[in-house]
Every structure is written in C-alpha cells, then in structure tokens.
Amino acid sequence: MSASRRAVAAWVLYDLANTIFAMGIVTLHFSLWVREQVGAERADTIYATVVAASMGLIVLLSPVLGAMTDRAPRRMPFLVASTLLCVGATTLLGRVGLVASLALFLVANAAFQAGLSFYDALIVEVSTEENRGRISGIGVGAGYLGSYVAVGLGLVLGSDDRPLLFVLMAASFLLLALPCFVFVRERGNPSPEPVFDPRALLVSARRTVRTLRDTQAHPGLARFLLGRLLYTDAINTVVATMVLFATNVAEAGGTPAADAERHAQFVLMGAITCAVLGGVFWGQVVDRIGPRRTLDVVLGLWIIIFAVAATIGLAGLPFDVMWALGALTGLALGGVWTADRPLLLRLTPPDRIGEFYGLYGMVGRFAAVVGPALWAATTGLAINAFGFAPAEAQGLALLMPLALVAASLVVIRRVDDVTSGRPGPPRQLLLEP
C-alpha cells in the first residue's frame, strides 16, 4: 500500500525539523557556548564527555523502547513524547549556568536520539521496497535543509545571545515536526500488548537479549551491526566536534576568535549544501546498485576525509583546505544515512522492524559513547600532558576514526543484501565484479 504524498512530505519534513537540533545545537552552537564558558583548551574534553554521557543513557533505553513500540498500538506517540522532551530541555540551555545546562543538554540529546529510532521505523509507512532508497535519500537531503535554518540563525543573530538561539531552534524543531504527527498514518499493530505494565520492562530486557542472539539467525545482520558500530563511532564523534575543529584551525592560522567562528559556520554551510545534494544523489544510487555497495563507496570516501582532516590539524595546513574538506564531508554524510536505513530493512524480518531498529539505535548510540569518550581523553592528554595546540590535538585524535572507518569497510563488504531479509534490486546489479 502506497502512502499519500502528504504523508511522505510530512515524514520528510520531520527529517528537516530534527536536523535543526542536530546541527544547530549538537554540532554548532552548544559546543561553541561551552567553548566560551571553559576556553578552547577544555572545550573538547568537557563537551565530548557530556555527549558520551547522553549517548550512554540512550544506549540503555534504545532496545527497551524499540521492543515497547512493537507492543504498542502505534509508534507515533513515542515520537511525539521524545520530541516534546527534547524541545523543552533545549529552550532552557544557557539560562541556568554551565552544570545545569550540560545536564539539560544530556536530556535533550538523549530524547532526540530516542526519537530518531521511532522516526526511522516509520519509513515503512511512507514507502515501498521499490522506492525506499529514493524516499530515504529525499528525507536525508531535505533534512539537511534544516541545517540552513540552524546556521542561518546564528549568522544573522550572531553569538551575543546564544540562549535566544537555543529557544528559536527548539521552536523551529517543534513547528516543523507537527505535520508528521498529524499526517503520517500508521496501519497500526494488529496484536498490541501492554506497554507500561511493570512486567513489560522484564519482557523488553528478555527480548533485547533474544534480539542480540537472533542476529546470528539473519544472514548479514550481525556483521552489519558491527560495521555500523565502527563507522558510526567515527562519524558521530567528528560531526559533534567539527565546528570546534574548524574554529581551532582558523585561529591557528591567525584569524581572530570571533571571525574564526564565522569562518567555521560558512564552511559548515558549504558542507550542508553538499549534504542536501548528496542525500538525493545517494538515494538514486541505492535504488540502482543496492544499499550495501553504496555504503562501501561512501565509507571509502570517509577514509579520505579523515586522512585529510588529520593532516590539516597535525601539519598546520591553511584554513582554505577546510572548504574542500567540508564539501566532501557533506557529500559523505548524505550517503551514510541514505544507505544504512534501507540496508537494515533488507536484513530485518518484517514483523520485528521496531525491535531491530531499537538494536540498530543501540549500536549507533553505544558508538557515540565510546567515540566522544576516546576523543575527550585523546585531546585532553595531548594538550595537557604533551603541550599540543588544540588544532594539533584534534588532528591526532582524528587518526582514531580513520582506523575505525577502514575497519568498518572490511566488515561491511562481506554483507550480502541480496539473499538476506527482504528482496532487493535485480541480482546482476549487486554482484561483485
């Protein structure tokens, strides 16, 4: 059954809405607000630590929430609740002191990450197997338009009142999310079970253990999740800290602090433009050659990106190189999420989509605990023990995600998305040369 165009548009619009939070809060303005509060030497360590803590919280909750949505009559109420919690906590950022704001960010980011799992699972309500790659790509591409809102607000209003920026971004997130709540219609669970019964937590825990064990019964699923653990660890860590890196590179080249922030935001804007185009482009590639082979290509591009970024930091290359790096990063970002959502659906039995998306989310969130924690430790040690400048310390830390993505490519290449799970494009398009 095909969804209405209005439902598809509403689902895509939510991708745009939540990207305002991801780009405007996680990647850009809250990290810079922390930098203003504690200084460039401590910003990476403190910010990466709180990101890791928020992701640790969602690691514990993701599989339970995913299994609960499979028992519930509908998934949409979970998406509404997580969005409202994220928006409410975001409106208070920067108004209640450093420690309280860090705690609020922890809650907001955890709620946002939980919402992603609910949202991703709703793709089955607005697509078919034949157009899923295209709709996923449009969602990713349109989603990055939300980044224009996030970066544009900062460029127009400046950095003098970041708490006001936080409120405006929270309001934008909520406003643009409303159509998804209203127009995406679920077919519903034909056999709902109690969700909030005290016994449900025990059932969820058992199902989580069963889900982990059952990955072995579905060809390619365990290998895909391992690969995703590796590449998500690398990518999410760098996305969360990329503005701090660009700002430090600009300052290392002699740019004043205020101008360095603006230069970093313009590089980010260029990356967003390439991400928008990349989401649509990679969606077409997924539908033609399949999600796994598309992911192979994208991960190869990420290896190049991390190698160049590490060289910029360690060798002190001029800031102008960041423009090309930002463009490649945006293109690669659009490809990762466009390919791996359909790939999971290829490997997942239809009656356990929510459960395996919960595990998919748990893997990604666990990666986002380990990655930022290692980033915080590496940059802190390099600066405090060995006297590295902030940009040099970040260049050293970038060698870690480079190795992780290379390892993930080796793992992912052995996943067969033709014979596993769901049907895919014609076999001749997916055979290795």
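Here is a yes/no grid of residues against (1) closer than 19 Å to Ala22 by Cβ; (2) in a helix (DSSP H, G or I):
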{"residue": "Leu244", "(1), (2)": "yes, yes"}
{"residue": "Ala250", "(1), (2)": "no, yes"}
{"residue": "Met269", "(1), (2)": "yes, yes"}
{"residue": "Cys274", "(1), (2)": "yes, yes"}
{"residue": "Phe281", "(1), (2)": "no, yes"}
{"residue": "Ala309", "(1), (2)": "no, yes"}
{"residue": "Gly313", "(1), (2)": "no, yes"}
{"residue": "Phe319", "(1), (2)": "no, no"}
*What single numbered condition from (1) closer than 20 Å to Thr348 by Cα; (2) β-branched (Val, Ile, Thr); (3) buried (at least 18 other Cβ atoms within 10 Å of the Cβ) fails to hold for Val209?*
(3)
*How about the range 1-90: which helices (runs of 4 or more DSSP H) wholly inside it have at least 1 residues that are among the charged types (D, E, K, R) and more than 17 Å from the chain's Cα centre (by Cα)?*
5-21, 30-38, 40-71
*Only one residue in Thr255, Thr273 is touching a residue at least 24 places away in the same chain (Cβ under 8 Å) and farther than 23 Å from Leu398 by Cα. Which one?*
Thr273
_Is it the case, given these coordinates, that Leu57 is modelled with pLDDT under 90 and over 15 Å from Val238 (Cα atoms)?_
yes
*asked:* Condition first: out of contact with any Cys (no Cβ under 6 Å at 6 or more places or on another chain), touching a residue at least 60 places away in the same chain (Cβ under 8 Å) and over 13 Å from Ser117 (Cα atoms). Can you find one or more residues in the range 56-64 that meet it?
replied: yes
_Quick test for you: out of Arg187, Arg199, pick the one residue that is within 26 Å of Phe356 (Cβ to Cβ), of a type outside the set (Gly, Ala, Ser), out of contact with any helix residue (DSSP H, G or I) (no Cβ under 6 Å at 6 or more places or on another chain) and not in a helix (DSSP H, G or I)._
Arg187
*Could you please give the count of residues in the range 72-95 that are surrounded by fewer than 20 Cβ atoms within 10 Å (Cβ to Cβ) and not hydrophobic (A, V, I, L, M, F, W, C)?*
6
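Yes/no matrix, rows are residues, columns are (1) of a type outside the set (Phe, Trp, Tyr); (2) modelled with pLDDT of 95 or more; (3) more than 30 Å from Gly270 (Cβ to Cβ); (4) touching a Ser or Thr at 6+ places or on another chain (Cβ under 9 Å):
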site: Ile20; (1), (2), (3), (4): yes, no, no, yes
site: Leu32; (1), (2), (3), (4): yes, no, no, yes
site: Ala48; (1), (2), (3), (4): yes, no, no, yes
site: Thr69; (1), (2), (3), (4): yes, no, yes, yes
site: Thr91; (1), (2), (3), (4): yes, yes, no, no
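The values are calculated or read from the model by the stated rules, or taken from the named source; none is laboratory data. This is a predicted model, so every value here is computed, not measured. Note that each Cβ is placed from the backbone with ideal geometry, even for glycine, and that neighbours are counted across all protein chains shown.
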